[in-house]
Amino acid sequence: MMRWPGLLVAVALLSHGCAAHAQPSKLRIASLVEPSRMLDAYLFRPAAEGRHPAVVFMHGCGGLLTSSGQMNSRQADWAARLVALGYVVLAVDSFSPRGIDRMCAAQRFQLPVYLERPKDAYGALRHLQAQPFVRPDRIALMGWSQGGGVVLLSVREDSLGRPRDLPLGDFRAAVAFYPASCRDGAHRVPWKGAMPLLVLIGEQDNWTPTEPCKQFVDRAAARGSDIRIQVYPGAYHDFDWPNLPVRHHPEYRTTGGVVPVTGIDPAARADALARVPEFLAKHLRD
């Protein structure tokens, strides 16, 4: 089980030669899994006083932390960028408290854990809503890959995690990067959701295939869901991961025999870095 080395860690965000820093605090928060399970989470706060909109992060199959106990650079980069824009960020670690390293290989995937993770997301929402520096009605959910699938399972009409009572409101909006479960067959009933949801995916993604995901989004929109998709030409899975070279992963070969390809696409990443903050501002700002 991986542990964070200390309570604080500096995360550098390099942009146009300038560095911005965000310092997360490690917390223990309660999932809504019964009996209640405690999770690790990392809280990033802007320096300014007052109440801020917030974003909950759900990590992918590789976990939130690296083998050295550091937050992976994708989440760290996004957190630093959003904090610089005035958002509180809470990055949830669903794996370490469950004794899980990663669940990327088909033989290591644990469906019960995946289906529990929407309750982790709502546990994070409840935690943030109790904080005096967070606007409780201005919180979004954001996930990558398996975490993107958690977003789809969480915000759908028949959510796997939404509690019956949400006196301070639900998530206000959601973002799913190249999400798992982005196909009609992954859901027991046709997917529908009222919450604004932005899906971003690479055209060449063969791990969470693009065409079934596009069909899924189009059909959900036709049923009245507030969902839209951005497809990036030529981009692979993990296109927004900073400085990640394109590579094949035979160790994660799917049950269908597909060898996943991951790697940064600079044009897609640049667009996402502008598109996602614009989407969040539309739904979380006055």
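The values are calculated or read from the model by the stated rules, or taken from the named source; none is laboratory data. Just so it is clear, the structure is predicted and the values come from calculations on it, not from any experiment. Glycine gets a Cβ as well: all are built from the backbone with ideal geometry, and neighbour counts include every protein chain shown.
Have a look at 162, 188 and point out the one that is over 16 Å from the mean Cα position of the chain (by Cα), in a loop (DSSP other than H, G, I, E, B) and surrounded by 15 or more Cβ atoms within 10 Å (Cβ to Cβ).
On the way: 188 fails: surrounded by 15 or more Cβ atoms within 10 Å (Cβ to Cβ).
So the residue among 162, 188 that is over 16 Å from the mean Cα position of the chain (by Cα), in a loop (DSSP other than H, G, I, E, B) and surrounded by 15 or more Cβ atoms within 10 Å (Cβ to Cβ) is 162.
Six or more apart or on different chains, Cβ atoms under 6 Å: show the pairs whose first residue is in segment 235-247 and surrounded by fewer than 24 Cβ atoms within 10 Å (Cβ to Cβ) and whose second is of a type in the set (Lys, Arg) and modelled with pLDDT of 95 or more.
Close Cβ pairs (under 6 Å, with a partner that is of a type in the set (Lys, Arg) and modelled with pLDDT of 95 or more) amount to 241/74.
Of the residues that make up segment 220-236, is at least one farther than 24 Å from residue 125 by Cβ, modelled with pLDDT of 95 or more and of a type in the set (Asp, Glu)?
no
Give 228, 275, 223, 285 a once-over and let me know the one that is closer than 28 Å to residue 137 by Cβ, in contact with a Lys or Arg (Cβ under 6 Å, 6 or more places away or on another chain) and not β-branched (Val, Ile, Thr). Show your work before the answer.
On the way: 228 fails: in contact with a Lys or Arg (Cβ under 6 Å, 6 or more places away or on another chain); 275 fails: in contact with a Lys or Arg (Cβ under 6 Å, 6 or more places away or on another chain); 285 fails: in contact with a Lys or Arg (Cβ under 6 Å, 6 or more places away or on another chain).
Going through 228, 275, 223, 285 in turn, just one is closer than 28 Å to residue 137 by Cβ, in contact with a Lys or Arg (Cβ under 6 Å, 6 or more places away or on another chain) and not β-branched (Val, Ile, Thr): 223.
Restricting attention to segment 231-286, which residues are part of a strand (DSSP E or B) and in contact with an Asp or Glu (Cβ under 7 Å, 6 or more places away or on another chain)?
Kept after step one, since they are part of a strand (DSSP E or B), are these residues of segment 231-286: 231-232, 237, 247-248, 261-262.
231, 232, 237, 262, listed by residue number.
Being hydrophobic (A, V, I, L, M, F, W, C), modelled with pLDDT of 95 or more and under 22 Å from residue 219 (Cα atoms) is true for just one of 153, 128. Which residue is that? First the steps, then the outcome.
Working: 128 fails: under 22 Å from residue 219 (Cα atoms).
After applying the criteria, what remains is 153.
Limited to segment 165-185, what total is found for residues that are exposed (fewer than 15 other Cβ atoms within 10 Å of the Cβ), at pLDDT 95 or above, assigned to a loop (DSSP other than H, G, I, E, B) and not hydrophobic (A, V, I, L, M, F, W, C)?
So the count comes out to 2.
Can you pull out the residues in segment 206-230 that are over 15 Å from residue 261 (Cα atoms), outside any loop (DSSP other than H, G, I, E, B) and either among the polar types (S, T, N, Q) or in contact (Cβ under 8 Å) with a residue 12 or more places away in the chain (or both)?
Within segment 206-230, the first condition is being over 15 Å from residue 261 (Cα atoms), and the residues that meet it are 211-230.
Remaining after also requiring outside any loop (DSSP other than H, G, I, E, B): 211-222, 227-230.
Result: 212, 213, 214, 215, 216, 217, 219, 220, 227, 228, 229, 230.
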